[in-house]
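> Please read through the structure below; I'll follow up with questions.
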Amino acid sequence: MLMIITDRRDLGKALASILADRGIFSFECPRETGAFYCEEKDTGGVILDCVPNQTEGEVLCRQLRRAYPEIPILVLASKESRPNVEADMLLRDAPPGDLLPDILEFCRRVCDFSAEPLSSYFLTVGSTPDEVFYMGYPMKLSPRAFHLLRCLFYRYPNQVSTEDLMALCYPEGHEKSNNLAVQIHHINEAALRIDPRPLVVNEYGKGYKLREGIL
């Protein structure tokens, strides 16, 4: 997972949303809890926003580098600053859309994340909702259900809690957990037209995952 550490909530949500649309899932958290979340979550890369407080950003970058030397770090700095950081990539502050090409390069080249189709013997989830095939048959899914299925496939064999699924697939923060259950139901409803077994299962108190044997 990619960790976006920023005190600018609008920036974090915008980056998370456009990255999810490109098959890269991320958590977003403030700098105050950045080190904690990097340890708690399966963090494979960090975007650390050093704007507007560069000093705090530099301190956190050093902490992360000492604690997790294997995790790639991209630092976002103001245009006029010269941060003293040991980062794998440094970007100057700009609108999220302008930052996207370099962030995608960081994710794919430095973090080794891939937005390529996820595929097993039974299930293939491509980069768009019309590229989902279950047991060789196409599955018609909404964009939101597609994001959820791709995220569950990406996280398999791990279970993903409701809270984490909401953070990963609803980064804009407007949805409720009951809507999540509805979308999972739609995924299983589409799958049941092909196979009688549920594609996504829920273990109470633990979260959702693809059923055993799907990969």
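> If the label point is 7 Å along Cα→Cβ of GLU212, which residues in the range 176-205 have backbone nitrogen under 17 Å from it?
Counting backbone N atoms under 17 Å from the label point, the list is 197-204.
> Tell me the volume per residue, in Å³, of the convex hull enclosing the alpha carbons of the range 1-138.
Numbers: hull volume 14.9 nm³, N = 138.
Once divided by residue count, the hull of the range 1-138 is 108 Å³.
> Also, quick follow-up: What do the square roots of 5 times the Cα gyration tensor eigenvalues come to for the range 66-115, in whole Å, largest first, as semi-axes of the equivalent ellipsoid?
Numbers: eigenvalues 70, 60, 7 Å².
Sorted largest first and rounded, they come to 19, 17, 6 Å.
> Still on this structure, please answer the following. May I ask you to list the GluC sites (Glu not before Pro) in the range 1-75 that are in a DSSP loop and have at most 10 other Cβ atoms within 10 Å of their Cβ?
Details: sites: GLU28, GLU32, GLU39, GLU40, GLU56, GLU58, GLU70; in loops: GLU70.
Here the sparse-neighbourhood loop sites are GLU70.
> What does the C-alpha gyration tensor say about the overall shape of the range 134-175? Classify as rounded when a/c is under 1.5, otherwise prolate if a/b is larger than b/c, or oblate. Walk me through the numbers on the way to the answer.
Values: a/c = 3.56, a/b = 1.42, b/c = 2.51.
Because a/c hits 1.5 or more and a/b fails to exceed b/c, the range 134-175 counts as oblate.
> Still on this structure: Could you tell me how many degrees, from 0 to 90 and to the nearest 10, lie between the Cα long axis of helix 96-105 and the main elongation axis, the longest principal axis, of the Cα atoms of the chain?
So the inclination is approximately 80 degrees.
> With an 8 Å cut-off on Cα pairs and a minimum separation of 6 or more residues, tell me the relative contact order of the chain in percent. Could the numbers behind the result be given before it?
Working: 343 pairs, mean separation 36.2, N = 215.
This gives 17 percent for the chain.
> Charges only on Cβ, +1 for Lys and Arg, -1 for Asp and Glu: so what's the dipole of the range 1-133 about the Cα centre, in debye to the nearest 20? Each step should come with its number before you reach the end.
Numbers: 14 positive and 23 negative charges, 54 e Å.
Dipole of the range 1-133, to the nearest 20 debye: 260 debye.
> Suppose every K and R has +1 on its Cβ and every D and E has -1 on its Cβ; what is the size of the dipole of the range 1-70 about the Cα centre, in Debye to the nearest 20? Working shown, then result.
Details: 9 positive and 12 negative charges, 22 e Å.
Computed charge dipole of the range 1-70: roughly 100 debye.
> Given a 1.4 Å probe and every protein chain left where it sits, what share in percent of the accessible area of the range 63-113 is carbon and sulfur?
Working: 1320 of 2950 Å².
C and S fraction of accessible area: 45 percent.
> On to the next question. Considering only DSSP beta bridges whose two residues both sit in the range 72-215, what percent are antiparallel, to the nearest 5? All intermediate terms of the calculation are to be shown ahead of the outcome.
On the way: 12 of 16 bridges.
For the range 72-215, the DSSP antiparallel bridge percentage is about 75.
> Next question. Of LEU141, ALA167, GLY44, whose Cα points farthest to the positive end of the dipole of the chain (charges on the beta-carbon: +1 Lys, Arg; -1 Asp, Glu; origin at the Cα centre)?
Toward the positive end, the furthest listed residue is LEU141.
> Now, a different point. Below 15 angstrom from the Cβ of GLU86, what's the summed charge of the other residues (Lys, Arg +1; Asp, Glu -1)? Write out the running numbers ahead of the final one.
Numbers: positive: ARG62, ARG65, ARG66, ARG82; negative: GLU58, GLU70, ASP88.
Local net charge: +1.
> What's the longest uninterrupted piece of the chain once you rule out the chymotrypsin sites (Phe, Trp or Tyr not before Pro) that are loop residues per DSSP with at most 11 other Cβ within 10 Å? Show your work: numbers first, answer last.
On the way: sites that count: TYR121, TYR204.
Formally, the longest exposed-site-free interval is 1-120.
> Heavy-atom accessible area per residue, the chain, 1.4 Å probe: how many Å²? Show your work: numbers first, answer last.
Working: 10870 Å² over 215 residues.
On a per-residue basis, 51 Å².
> Using only Cα atoms, tell me the angle between helix 177-192 and the longest principal axis of the chain; keep it within 0 to 90° and round to the nearest 10.
So the helix axis and the longest Cα principal axis differ by about 40 degrees.
> Note down the magnitude of the dipole of the range 115-215 about its Cα centre, charges +1 on Lys and Arg C-beta and -1 on Asp and Glu C-beta and zero elsewhere, to the nearest 20 debye. Don't skip to the end; give the middle numbers.
On the way: 10 positive and 11 negative charges, 40 e Å.
Here the range 115-215 has a charge dipole of around 200 debye.
> If you average the alpha carbon positions of the range 27-73 and of the range 113-181, how far apart do those two centres end up, in angstrom?
26
> Taking the Cα of THR128, stepping 7 Å toward and past its beta carbon, and measuring to each backbone N in the range 1-44: which are under 15 Å?
Only 21-23 fall inside the zone, counting backbone N under 15 Å.
> Still on this structure, please answer the following. Give me the extension gain from GLU56 to ALA115: residue separation times 0.36 nm, minus the current Cα-Cα distance, reported in nm with one decimal. If you can, show how the numbers build up before the last one.
Values: separation 59, 0.36 × 59 = 21.24 nm, distance 3.22 nm.
So the extension gain works out to 18.0 nm.
> Follow-up. Give me the Kirkwood hydrodynamic radius of the range 108-187, using the inverse of the mean 1/r over all pairs of distinct Cα atoms, in Å to one decimal. Let's see the in-between values first.
Details: mean 1/r = 0.0746 Å⁻¹.
Kirkwood radius, the range 108-187: 13.4 Å.
> Working from Cα positions, state the angle (0 to 90°, nearest 10) between the long axis of helix 143-155 and the longest principal axis of the chain.
The answer is roughly 80 degrees.
The values are calculated or read from the model by the stated rules, or taken from the named source; none is laboratory data. The structure displayed is predicted, hence computed values, not measured ones. Note that we place each Cβ from the backbone using ideal geometry, even for glycine, and neighbour counts take in every protein chain shown. Note: areas computed on protein heavy atoms with side chains; ligands, DNA, RNA excluded. Shrake-Rupley method; radii C 1.70, N 1.55, O 1.52, S 1.80 Å.
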